[in-house]
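Written below as structure tokens is the structure these notes are about.
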Amino acid sequence: AYWTRQQQRILLRMLDGIFASNKANNGGDLILDVSKDDGTGETASGEVFLEAAQLLGDAKEKFTAIAMHSRVHTNLQKLQLIEYLPESEIDIGFGTYMGKTIIVDDTLPVVDGETSGKKYTSYLFAAGAVGYVPGTPKVPTETDRNTLKGEDILINRQKFIMHIRGFKWTEASVAGEMPTLDEIANPANYIRVYEPKKVRVVKVVTNG
């Protein structure tokens, strides 16, 4: 569970970086922002997510999952847009929308508007959007003991590669041997190398 949370933190910071890069270098062509700084922008709806998928044009059928904040999920429930299927199919507990698995996560970006309200970020994912390859640390697990405090210590290490397909990691702004979370979120470290239709994730920003 610990490593799942840490990998999730890395992935969300990576998404921050690639979409900041996309906005700076590609005109934000993978971002649909229908929010307003005073909180009066659009909230999540079927039309919003359809328009977000349309960012990939005729490649939009590739999307298989939507990650959203619980507030956004509740708004879709109020609109009766959520379907529930047996968990053995594609429903992991939060329902589906237009056949897409819904992932509800309150660690997704939420920022205050400049005057009022909040802006919620959601992501549409296609299969294979995130590349992941596990590795083998030289010493995966070891133990130690602090005899003065009577504490047993378990040390666990992981080695892995995680990357958003379609964007190159440039390492243009990394000070140490490994990037920090802030450096992972730095758009200077990414550049898109795929055409938009071959990228497998888009960003949606709503006021709820």
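The values are calculated or read from the model by the stated rules, or taken from the named source; none is laboratory data. For clarity, every value in this text was computed on a predicted model and none was experimentally measured. So basically every Cβ, Gly included, is an ideal-geometry build from the backbone, and we count neighbours across all protein chains shown. Side chains included, ligands, DNA and RNA excluded: accessible areas come from the protein's heavy atoms. Shrake-Rupley method; radii C 1.70, N 1.55, O 1.52, S 1.80 Å.
Structural remarks
- Given charges at Cβ of Lys, Arg, Asp, Glu: the range 101-169 dipole, positive-most of Pro137, Asn156, Val111: Pro137
- Three semi-axes of the equivalent ellipsoid, the range 82-199, Cα gyration tensor, whole Å, largest first: 33, 24, 20
- Working from label points 7 Å from Cα in the Cα-to-Cβ sense, the Leu148 to Arg9 distance is 2.8 nm.
- Carbon/sulfur fraction of accessible area - the chain, other protein chains in place, 1.4 Å, %: 52 percent
- Pair Ser173, Gln158: separation of 7 Å Cα→Cβ label points (nm): 2.7 nm
- Pairwise centroid distance, computed over Cα atoms, of the range 1-71 with the range 165-201, Å: 16 Å
- Projection of the Cα convex hull of the range 166-208, averaged over all directions and equal to a quarter of that hull's surface, yields 4.2 nm².
- Taking all protein chains into account, the per residue accessible area for the chain stands at 57 Å² (1.4 Å probe).
- Charge dipole (debye, nearest 20) of the range 80-208; +1 at Cβ of Lys and Arg, -1 at Cβ of Asp and Glu: 580 debye
- DSSP H segments from the chain that extend 15 Å or more along their own axis, Cα-based, with Kyte-Doolittle mean of -1.0 or above: 2-26
- Taking Lys and Arg as +1 and Asp and Glu as -1, the other residues whose beta-carbon sits under 14 Å from that of Ala53 total +1.
- Sites listed here are GluC sites (Glu not before Pro) in the range 104-203 whose DSSP assignment is loop and whose Cβ has at most 16 other Cβ atoms within 10 Å: Glu114, Glu171, Glu177.
- Sites excluded, trypsin sites (Lys or Arg not before Pro) in DSSP loops with at most 12 other C-beta within 10 Å, longest stretch of the chain: 1-137
- With the whole protein complex present, Thr121 retains an accessible surface near 10 Å², based on a 1.4 Å probe.
- In the structure shown, the pairs Lys138/Lys198; Lys78/Lys159; Lys119/Lys197 are assessed against 32 Å; a Cα-Cα span above that value is assigned to Lys138/Lys198; Lys78/Lys159.
- Here, the chain is characterised by an Rg to Rh ratio of 1.03, where Rg is the alpha-carbon radius of gyration and Rh the Kirkwood radius.
- All C-alpha to C-alpha distances of the range 27-139, sorted into 10 Å bins beginning at zero, yield P(r) values of 13, 40, 32, 11, 4, 0 percent in whole numbers.
- Each listed q (0.13, 0.15, 0.17, 0.18 Å⁻¹) maps to a log10 I(q)/I(0) for the range 1-45 from the Debye sum over equal C-alpha point scatterers, namely -0.47, -0.59, -0.70, -0.74.
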